[in-house]
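Q: Can you read through this structure? Questions will come right after.
What follows draws every value from the coordinates through simple rules; no lab data is involved. Predicted model, so just to flag it, every value in this text is computed and none were measured. Every residue, glycine as well, gets a Cβ built from its backbone with ideal geometry; the counts of neighbours run over all protein chains shown.
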Amino acid sequence: MRTTTEIDDWCNSFTETCRTRGIRITEQRLTVYRALAEDLTHPTADTLYVRVQKRMPSMSHATVYRTLEFLEREKLITRVSAPQAVARFDANVEQHQHLVCRECGTLRDISVPRLQAAKFPRVADFKIEEMDIRFVGLCNDCARKTRRTRN
């Protein structure tokens, strides 16, 4: 989890970006964004819904989904590729990569500066807009479990 100060900074930056772009800042959008900014695990929409319900019981499941879709469309959050094809979300829109455990599905940020500086290849009849790099393997816990079962 991020510290309260970090979360407040992320939310202030989110609010300022919305104002600059002329995007209305609703209580629902800010609540969903705050819940996402608090969670470094790249939560699913369902996980966010449970968290948001504690703060705003009147918010429906559908509103959480629509809000996430809107924030993603506006490039205020990103959808992260994950195992089991379940959509996961990230408040960090800065260029970075992800470590994905193929066993338990944990997902976390990693920054590899050389990859951030990589130039997109030119491809005929296709305009590349972004690069999504995941490093897939085993987290320490799953690697230990695997070693134990082999022994």
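Q: Once Lys and Arg get +1 and Asp and Glu get -1 on their Cβ, which of I133, T17, A91 lies farthest toward the positive end of the dipole of the chain?
A: Result: I133.
Q: Per-residue ellipticity at 222 nm for the chain, helices alone: DSSP H runs ≥ 4 residues times -39500 (n - 2.57), over residue total, nearest 500 deg cm²/dmol?
A: Per the formula, -14000 deg cm²/dmol.
Q: While we're here: For K127, go through the lysines and keep the ones whose alpha-carbon is under 28 Å away, minus same-chain ones fewer than eight residues off.
A: K75, K119
Q: Okay, next question. What does the convex hull of the alpha-carbon atoms of the chain project to on average, in nm²?
A: Answer in nm², one decimal: 12.2.
Q: So how strong a dipole does region 82-151 carry about its Cα centre when Lys and Arg Cβ are +1 and Asp and Glu Cβ are -1, to the nearest 20 debye?
A: That gives region 82-151 a dipole magnitude of about 560 debye.
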